[in-house]
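Comments concern the structure below.
The values are calculated or read from the model by the stated rules, or taken from the named source; none is laboratory data. Just so it is clear, the structure is predicted and the values come from calculations on it, not from any experiment. Methodologically, a virtual Cβ is constructed for each residue, glycine included, from the backbone with ideal geometry; neighbour enumeration extends over all protein chains shown. Each accessible area value is taken on the protein alone, full model and side chains, heavy atoms only, with ligands, DNA and RNA left out. Shrake-Rupley method; radii C 1.70, N 1.55, O 1.52, S 1.80 Å.
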Amino acid sequence: DYRITVEDGKSCEASRVVDQGSCDAVTFTFPFENHLPGEMFCISATVAGFVDVLGFQHSLIYDPTVLEMTSITTPGNLPGFSGASFNGPISVPGGTQPLGSGRVTYTDLTGAGQTLTDGDEIYDLCFTVIGNLGECSPLIFADSPIPIEVSTLTNSDAGFIINNGAVCVSSDPFFVDV
């Protein structure tokens, strides 16, 4: 695994983990967004290369002093992938994880493998901004406490590419990614 992290002087970071273990890799992506203090919003986790996937799991990390998670939803495009697939922070009904963290697990109970179109949403994380202008929270697909894993019909230890995102508290409608 390779982790590439870039940080600026304002606690905003972009990080990518690349597992070079196999040729077939699933990419998980969070976007970069700006939101105002007090704003309620949802942010989508998307995928690419999601072909014949039998299962995946990962942990989530965000800054609970900047964002308060209020809910987790799924678009319904993966059979059996629902609220029960998540163990969110205690701020989410039914969540048992510490604030600023969560766990996501999915198993295709049909055994057929599921395929999604590149850019498809796999879930939404909904938050309320509780931070101040200028603060940022990373949105991280993490490998602890549960490791990042992907299995497909052809590879029980498929590769993955992680594109972490961030939410900054700002009155600027645009996020400039350089």
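Surface listing: VAL51, VAL104 arranged by accessible area from highest to lowest gives VAL51, VAL104, probe 1.4 Å. In angstrom, the C-alpha Rg and Dmax of region 26-123 are 14.0, 44.
Ordering GLY83, SER171, GLY49 by Cα displacement along the dipole of region 49-178 toward the positive end leaves GLY83 in first place; charges were set at the Cβ atoms of Lys, Arg (+1) and Asp, Glu (-1).
Label positions at THR5 and THR107, each projected 7 Å from the Cα along the C-beta direction, are separated by 3.3 nm. Distant-in-sequence amide contacts of LEU36, defined by a placed amide H-H separation under 5 Å and a gap of 5 or more residues or a different chain, comprise SER170. A simple spin-label model places pseudo-atoms 7 Å from Cα toward Cβ; at ILE61 and ASP118 they are separated by 2.9 nm. Working note: Debye formula, equal point scatterers on the alpha-carbon atoms of region 52-97, no solvent; log10 I(q)/I(0) at q = 0.16, 0.18, 0.22 Å⁻¹ is -0.51, -0.63, -0.87.
In a fully extended conformation the segment linking ASP52 and ASP157 would gain 36.5 nm over its present Cα-Cα distance, using 0.36 nm per residue. Using the empirical formula 2.2 N^0.38 Å as the baseline, the Cα radius of gyration of the chain reaches a ratio of 1.01. Entry for region 90-178 at q = 0.10, 0.20 Å⁻¹: log10 I(q)/I(0) = -0.39, -1.25, Debye formula applied to identical alpha-carbon scatterers, no solvent contribution. Dipole of the chain (Lys/Arg Cβ +1, Asp/Glu Cβ -1, origin at the Cα centre): which of PHE160, LEU139, THR105 lies farthest to the positive side? Result: THR105.
Compute the accessible area per residue over the chain, keeping the other protein chains in place, probe 1.4 Å, unit Å². Don't jump to the answer; show the numbers that get you there.
Numbers: 8590 Å² over 178 residues.
Ligands and nucleic acids excluded, the result is 48 Å² per residue.
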